[in-house]
Amino acid sequence: MAKRKKQTKQTTETKQTTQKKRKQAKKQAASPGFTPVVEKNDIIDLTIDDLNHEGMGVGKYQGYTLFVKHALPGESIKAKVLKTKKRFGYAKLLERYESSTARVTPLCPIFDQCGGCQLQHLQYEEQLRQKQRQVQSQLQRMAHLDLDKVSVHPTLGMEDPWRYRNKAQVPIGEHEGGLIGGFYRQGTHDIIDMNECLIQHEQNDSLVQQVKDTAEKLGITAYNENTHQGLLRHVVTKYGFKTDELMVVLITNGDQLPHQDELINALKAKLPQLKSIVQNVNTTRTNVIFGDVTRVLWGETYIYDYIGDIKFAISARSFYQVNPQQTEVLYAKALEYADLQGNETVIDAYCGIGTISLFLAQQAKRVLGVEVVPEAISDAKRNARLNHLENTDFAVGEAEKVIPWWQAQGVHADVIVVDPPRKGCDEALLQTITDMKPQKVVYVSCNPATLARDLKVLEEGGFETKEVQPVDMFPHTSHVECVSQIVLKDD
Ligand code: SAH
């Protein structure tokens, strides 16, 4: 804050050097011992030797870490510094002197602008190896696990890693009088029109296209974020891979949907798989997609899908895994690691709509699921009934509070499964697990960094990590998911 006052004293030096020095002084004051080696707009040569968790190339310039979008390990490049921070900075790839042998041309023509995928320029096999390596490096660096004792297996990928998503969420806008819909240009709220997304199921693409065409013909307006005028905000579509059922949700800035019947009839005629047309009203000035009011305009409240043999009811608002094929792979692994014989009590913390719980319930004596979102628990109960899995109980609440309460009621868990959000398990929950001493913990994680942190706590609490299996749930993106088997050590 005080930095501006000094400005007037330095009269003999040129304006440029003064500014440069001031910047340096500011950085040094903020972080003693820090000497900036690069500045914004510097052009530098860089060798890339790693990928970060966002899929960016990582290079060191005189020891200073720079992240470069779309640069790959093994590449030597010319880059322009975009932004510097205390411990790392960002640079833009200008030219490749030497390219990685694993570099491929992205299949998607809008890969550069979209930002939905981060790794299409890297061979799929190499993406899988990178994800395995990322898990290994986190476990080694943060949890100090000995990789000779803990096997981090090769990532289980998809045979055909395209068109895997079962849900699309598309913002709608207007361009030169016509309706457009696609994605926000990276880092902005400018809508770029898109007809297909290569990681999206074709049924979702054609449904979105039909909505855009029909709504435009009927004169339905698109919502404008700046003026808060116009009607159609988002189109959300869901598709059951195993049932071939489609749902569309039209999110509108207002209650009335003009030409509703014509719209319904046109969509039904074009897409016989369509089972449900839903309207959700969101009149707030917010980036949140859904509003509070949801009504079925035509057809069913639910579409259905299966993961393995378990049937799930999917409503407009319910959470459901977006890659159903790989979810099956992930949960089969979780089940294998739980190694159930039929007489166990299992706790599924962070259970969502009960996806893992119901998988486990097929082989356990009893499964108790806990989840903080009440609607998800209603779905979990409905799904349990749908599959006649009566050996399940679901509770709404925070896992770190509900599980100690169960323990106090005399519940003993043989296996505890956790599938927390990116921030990992609450410390109190890890403490409860070490107190409860289940024979096994199965940890499903979408963030190797918090997984490593939590494994360290469990290791210190008397558990031993046996195996870690990365599963590629989101090919071409930088997301890494894995399931780990952790066992109670013999005293
Ligand atoms: N296992 C589920 C969902 C995992 S996502 C599935 O596979 O479908 C993580 C879930 O944890 C979310 O549903 C989120 O609502 C829930 N959650 C977040 N914090 C929680 C907490 N403290 N206690 C219980 N559940 C929590």
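From the list GLU481, GLU464, exactly one residue is touching a helix residue (DSSP H, G or I) at 6+ places or on another chain (Cβ under 9 Å) and within 16 Å of the ligand (Cβ to nearest atom). Which is it?
Answer to the check: GLU481.
Mind checking which residues of the stretch 134-151 are loosely packed, with under 15 Cβ neighbours inside 10 Å and assigned to a loop (DSSP other than H, G, I, E, B)?
Scanning the stretch 134-151 gives HIS144, ASP146, LEU147, ASP148, LYS149.
Kindly check whether there is at least one residue in the stretch 272-285 that is among the small types (Gly, Ala, Ser) and out of contact with any Leu (no Cβ under 9 Å at 6 or more places or on another chain).
The answer is no; no qualifying residue exists.
For PRO154, are the conditions met, namely being within 30 Å of GLY424 (Cβ to Cβ), surrounded by fewer than 14 Cβ atoms within 10 Å (Cβ to Cβ) and at pLDDT 95 or above?
Yes.
Could you grab the pairs with beta carbons closer than 8 Å, sequence gap of 6+ or different chains, first residue in the stretch 137-157 and within 11 Å of PRO448 (Cα to Cα), second one surrounded by 15 or more Cβ atoms within 10 Å (Cβ to Cβ) and among the basic types (Lys, Arg)?
Close Cβ pairs (under 8 Å, with a partner that is surrounded by 15 or more Cβ atoms within 10 Å (Cβ to Cβ) and among the basic types (Lys, Arg)) amount to MET142/ARG453; MET142/LYS456; ALA143/ARG453; ALA143/LYS456.
Given ASP348, ASP379, which one is crowded, with 18+ Cβ neighbours inside 10 Å and closer than 16 Å to VAL402 by Cα?
Being crowded, with 18+ Cβ neighbours inside 10 Å and closer than 16 Å to VAL402 by Cα holds for just one of ASP348, ASP379, which is ASP348.
Against the condition exposed (fewer than 15 other Cβ atoms within 10 Å of the Cβ), touching a residue at least 12 places away in the same chain (Cβ under 8 Å), more than 16 Å from the ligand (Cβ to nearest atom) and assigned by TED's automatic domain parsing to the domain that holds THR214, how does VAL293 come out, does it pass?
yes
Would you check if there is a residue in the stretch 252-266 being closer than 30 Å to GLU328 by Cβ, aliphatic (A, V, I, L, M) and either at pLDDT below 95 or surrounded by fewer than 21 Cβ atoms within 10 Å (Cβ to Cβ) (or both)?
no
Checking the condition in contact (Cβ under 8 Å) with a residue 60 or more places away in the chain and either more than 30 Å from PRO258 (Cβ to Cβ) or surrounded by fewer than 16 Cβ atoms within 10 Å (Cβ to Cβ) (or both), which residue from TYR304, TYR331 passes?
Answer to the check: TYR304.
Applying the selection to the stretch 351-376, what residues are within 9 Å of the ligand (Cβ to nearest atom), buried (at least 24 other Cβ atoms within 10 Å of the Cβ) and among the hydrophobic types (A, V, I, L, M, F, W, C)?
CYS351, ILE353, ILE356, VAL370 - these are the residues of the stretch 351-376 that are within 9 Å of the ligand (Cβ to nearest atom), buried (at least 24 other Cβ atoms within 10 Å of the Cβ) and among the hydrophobic types (A, V, I, L, M, F, W, C).
Please specify each residue of the stretch 303-360 satisfying the condition of being closer than 25 Å to ILE486 by Cα, within 19 Å of the chain's Cα centre (by Cα) and assigned to a loop (DSSP other than H, G, I, E, B).
GLN321, TYR350, CYS351, GLY352, ILE353, GLY354, listed by residue number.
Within the stretch 410-449, take every residue that is β-branched (Val, Ile, Thr) and away from the ligand (no atom under 14 Å from the Cβ) and give me the one that is surrounded by the most Cβ atoms within 10 Å (Cβ to Cβ).
Step by step, filter the stretch 410-449, then rank; the result is VAL441.
Determine which member of the set TYR239, TYR304 is touching a His at 6+ places or on another chain (Cβ under 6 Å) and either over 30 Å from MET473 (Cβ atoms) or of a type outside the set (A, V, I, L, M) (or both).
TYR239
Looking at VAL38 and the list (1) in contact with a strand residue (DSSP E or B) (Cβ under 9 Å, 6 or more places away or on another chain); (2) at pLDDT 95 or above, which single condition is not satisfied?
(2)
Where the second residue is β-branched (Val, Ile, Thr) and assigned to a loop (DSSP other than H, G, I, E, B) and the first is touching a residue at least 40 places away in the same chain (Cβ under 8 Å) and lies in the stretch 159-180, which pairs have Cβ atoms under 7 Å and are six or more apart or on separate chains?
That search, which allows pairs on different chains as well, returns TRP162/ILE199; TYR164/ILE199; ARG165/ILE199; ARG165/VAL322; ASN166/VAL322; LYS167/VAL322; GLN169/ILE289.
The values are calculated or read from the model by the stated rules, or taken from the named source; none is laboratory data. Fair warning: this is a prediction, and the values are worked out from it, not measured in the lab. Here Cβ is always computed from backbone atoms with ideal geometry, including for glycine, and neighbour counts include all displayed protein chains.
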